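The values are calculated or read from the model by the stated rules, or taken from the named source; none is laboratory data. Here the structure is a predicted model, which means the values were calculated and not measured. Cβ placement follows ideal geometry from the backbone for every residue including glycine, while neighbour counts extend to all protein chains displayed. In case anyone asks, the SASA skips ligands and DNA or RNA and just uses the protein heavy atoms, side chains included. Shrake-Rupley method; radii C 1.70, N 1.55, O 1.52, S 1.80 Å.
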Amino acid sequence: MHTAVIVDAVRSPLGRGRAPRDGKPGGSLSSLHPVDLLGQVMRQLVERNGIDPAMVDDVITGCVSQVGEQSGPVGRWAWLAAGLPESVPSVTVHRACGSSQQAADFAAQGVMSGVYDVVVASGVESMSRIPMGTARIGQDPFGPSVAERYAPGLVPQGISAEIIAAKWGFDRTMLDEFSARSHELACRTDASGEIVPVVLADGTVVSTDETPRPGTTVEGLGQLKASFWSEEMAVRFPELGWHVTAGNSSQLTDGASAVLIMSEERAAQLGLTPRARFHSFGLAGDDPIQMLTGPIPATEKVLKRSGLSLDQIDHYEVNEAFAPVPLAWAHHFGADLDRLNPRGGAIALGHPLGASGARLLTTMLNGLEANGGRYGLQTMCEAGGMANATIIERF
């Protein structure tokens with residue numbers, strides 16, 4: 001079996017997922033077509049490593065809302081938009097919020113099996129231009145049999161977050177403290193090494209994240225109202241404390257990310273120095289009502305397969321879809337909170353759905369290098385109660 005290595009990993013700056021309206025400006029990337037956003041990131045990944053792009057065997061792209069400007073093989077259009085060779089194919093994958101983490105895992109597994117030598121794994125989501133839920137086109141994606149199995153019905157992810165908060169006993173202050181920490185860590189982290197700039201149509205260069213908010217406090221977050229309360233859900237789930245707000249949830253965000261993955265042999269032939277190798281992979285499914293707890297069994301699986309203990313992991317990236325998710329994960333494993341999302345997470349940086357998996361990988365790789373760590377573990381909750389978990393080992 002071949003060793004799959006990460007030669008490089010980059011991401012765009014992250015912009016608020018807000019379209020212009022009522023005379024108010026949109027987010028910093030809202031004017032940029034998602035194909036062009038991802039294309040610019042791909043081109044810079046290729047150029048800064050000096051490889052012949054024609055040697056790339058495949059471009060595997062994660063995207064959640066595959067409709068409108070993100071429909072079809074969005075990775076293919078992005079590759080062509082970047083002026084890269086027509087001979088390179090692409091495929092788009094959907095594992096909900098873990099789509100580009102799955103893209104990276106598929107890429108690595110293809111290299112390990114000998115099917116690929118060089119792959120670009122990537123992800124994109126413009127939540128300004130293609131709002132969350134657009135792909136449903138007003139229809140029911142679940143069908144009558146799923147509805148019957150989970151009667152009286154599946155629930156939005158925000159309700160799942162409330163269920164987790166109630167089950168683990170997290171109160172509002174705990175959630176807001178974790179959220180303020182996310183902003184503080186993001187604001188004091190130098191992320192320049194992982195960000196590549198993007199250029200808007202008017203020539204404006206965007207090179208920094210728009211999303212982290214300096215000076216975020218628990219007191220300020222405490223002024224926000226619960227986001228998911230409804231009379232129907234309050235009757236169905238009387239145990240809920242209604243602590244989940246916009247302030248302790250991930251931000252709607254625009255962004256793109258890309259990772260250059262190849263066999264260790266090919267990297268040596270090209271004179272490239274790998275930054276890390278893929279060590280182990282895990283997948284899990286869990287209760288789709290509770291939904292967001294999948295990272296717990298996925299982590300258990302990946303640790304068992306790796307032969308490592310959590311104490312040996314130097315950096316954990318657990319996607320901050322909602323504050324209860326990483327908190328429940330950390331509580332379950334007795335994890336060291338100093339190693340959990342130490343560069344800030346999606347509450348501060350944002351969660352551009354299809355781009356987030358590769359964004360977490362990029363952030364984790366840079367975090368390991370900054371702190372001299374060896375092993376990193378990332379995991380993401382995904383719609384339907386699913387989760388990915390991936391361990392990398394830094395060289």
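Data overview
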quantity	calculated
Selected residue (criterion: least open to solvent (accessible area, probe 1.4 Å)) from residues of region 127-150 that are under 19 Å from M291 (Cβ atoms) and among the hydroxyl-bearing types (S, T, Y)	Y150
Among (1) closer than 29 Å to D52 by Cα; (2) in contact with a Lys or Arg (Cβ under 8 Å, 6 or more places away or on another chain), the one test that V259 misses	(2)
Any chance L84 is open to solvent by less than 30 Å² (accessible area, probe 1.4 Å), under 19 Å from T362 (Cβ atoms) and in contact (Cβ under 8 Å) with a residue 12 or more places away in the chain	no
Residue match in region 278-286 (condition: of a type in the set (F, W, Y), outside any strand (DSSP E or B) and open to solvent by 20 Å² or more (accessible area, probe 1.4 Å))	no
Cβ-Cβ under 8 Å pairs, at least 6 apart or on other chains, region 164-175 side free of Cβ contacts under 8 Å to residues at least 24 places away in the same chain, far side among the hydrophobic types (A, V, I, L, M, F, W, C) and surrounded by fewer than 18 Cβ atoms within 10 Å (Cβ to Cβ)	none
Exclusive hit being farther than 30 Å from L37 by Cα and not small (G, A, S), set I296, I261	I296
Of residues in region 68-77 being in a loop (DSSP other than H, G, I, E, B) and small (G, A, S), the one farthest from G354 (Cα to Cα)	G72
Residues satisfying the stated conditions in region 112-150, i.e. over 24 Å from the mean Cα position of the chain (by Cα), in a helix (DSSP H, G or I) and aliphatic (A, V, I, L, M)	V146, A147
Those residues of region 2-30 which are in contact (Cβ under 8 Å) with a residue 12 or more places away in the chain and more than 30 Å from A268 (Cα to Cα), in sequence order	P13, L14, G15, R16, G17, R18, A19, G26, G27, S28, L29, S30
Count of residues meeting criterion [open to solvent by less than 20 Å² (accessible area, probe 1.4 Å) and part of a strand (DSSP E or B)] in region 260-277	5
Test: residue in region 54-67 that is in a helix (DSSP H, G or I), surrounded by fewer than 21 Cβ atoms within 10 Å (Cβ to Cβ) and of a type in the set (A, V, I, L, M)	yes
Any hit, region 95-106, residues being open to solvent by 30 Å² or more (accessible area, probe 1.4 Å) and among the small types (G, A, S)	no
